[in-house]
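Okay, structure first, notes after.
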Amino acid sequence: MSETKPKNSKKLIFPIILGLVLVGALIFTVKEYLYYQSHEVTDDAQVDADISPVVARVGGYVKEIRFQDNQLVKAGDTLVILDDRDYKIRLQQAEAALFAAKQSVSVSESNVLEAKTGISTAQANVNAAKVQVWKTTQDFERFQNLYNDHAITKAQFDDAKAAKDAAEAQLVVAQTQLPVQVKKVNSNQSQVGATTSIIASRQADIDYAKLQLSYTVIVAPATGTVSKKGIQEGQLVQAGQMLFSIVHDNGIFVTANFKETQMQHLAVNDKVDVQVDAFPDQKIVGVVQSFAGATGAKFSLLPPDNATGNFVKVVQRVPVKITLQADSAIINRLRPGMSVQVVVHTK
């Protein structure tokens, strides 16, 4: 009888263990099922931030660099100074051209005044010529009556007629000079308008030269950390060349790429638990802020085209922006590109 009891006990151990394993597996399965009914999880996520690349707007040699790599700077701080001698000379040339244009306007305006004076003189000459014609005509009529009465000689009569003809010719000459002076005034006024428009163009050249000169001083566009420094003093940079980048200090967020099959349960303002791989003990809370307008594949350099005939269905992912609600001490330790795991509370 003593040998039978141990054998029976050994037969019962395996079923008990199996039963415990099954119960544990069932509890785990139910727990996981209930958990994932109210949560969406992904580890395809990373810390992100607003990054401003700083490019040179004009070319030139780097004269001075006023920052170190990975240095914290404030918006408006002067970071790089380019050699500005060429741009100062261009500004002086533009200012000289403006001065010359203003002088041309002054000369043209003086010519207009002179031409207007010529009109007055021509009008006075016409009036004087009319008076002379009137006087010589009166003398001619008197001399004609006297000549008809044989009171004067033929020579005296011819002198009166010649004086009358000369006065009439002088009137014609004076009258032809008047429209010439008017045309001269109009021409000079047109010249004034043309030189005035040149002044506007020269002023625009000065403004552009000043703007180009201001670009030789490169300032920080935002407050943040300077990274990816790619210049040295004395280096020649070209317009459009990237010099460095600034990572905004107040723009840290998380970009999580959820599967399209998970999107139906996500909503804006859902609470998010964020775990950064670099700081696994730090608990960070976030909130779903927005969803991307398209899947990540659509923003790739070569977006997939499913009309090629070789279609293989692949689950797409949609970028979701998550803002962080944590102490600044924790936020300041995060760096864009760090891997994170996010858990969204959907219910």
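Bear in mind that the values in this text are calculations on the coordinates, not laboratory data. All of these numbers come straight from a predicted model, not from anything done at the bench. FYI the Cβ positions are ideal-geometry reconstructions off the backbone, even for glycines, and counts take in every protein chain you see.
Structure summary
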| item | result |
| --- | --- |
| Cα gyration tensor shape of the chain, rounded if a/c is under 1.5, else prolate or oblate by comparing a/b with b/c | prolate |
| Within the chain, helix-based [θ] at 222 nm, where runs of 4 or more DSSP H residues each add -39,500 (n - 2.57), nearest 500 | -17500 deg cm²/dmol |
| Inter-probe distance in nm under a simple model that places probes 7 Å from Cα toward Cβ, at ASP149 and THR121 | 4.5 |
| Phi to ³J(HN,Hα) by Karplus 6.51 cos²θ - 1.76 cosθ + 1.60 over segment 250-258, Hz, x for Gly, Pro | 10, x, 6, 8, 10, 10, 10, 9, 8 |
| Cα-based helix-to-principal-axis angle, 85-148 vs the chain, degrees rounded to 10 | 20 |
| Within segment 73-92, backbone nitrogen closer than 16 Å to the virtual label 7 Å beyond the Cα of TYR61 toward Cβ | 81-89 |
| Inter-site label distance for ALA169 and ALA75 at 7 Å from Cα along Cβ, in nm | 8.6 |
| Hits among aspartates and glutamates - C-alpha to C-alpha of LYS313 under 12 Å, sequence gap 8 or more where chains match | ASP305 |
| Contour excess over end-to-end distance, with Cα ends at GLN282 and PHE28 and 0.36 nm allotted per residue | 88.8 nm |
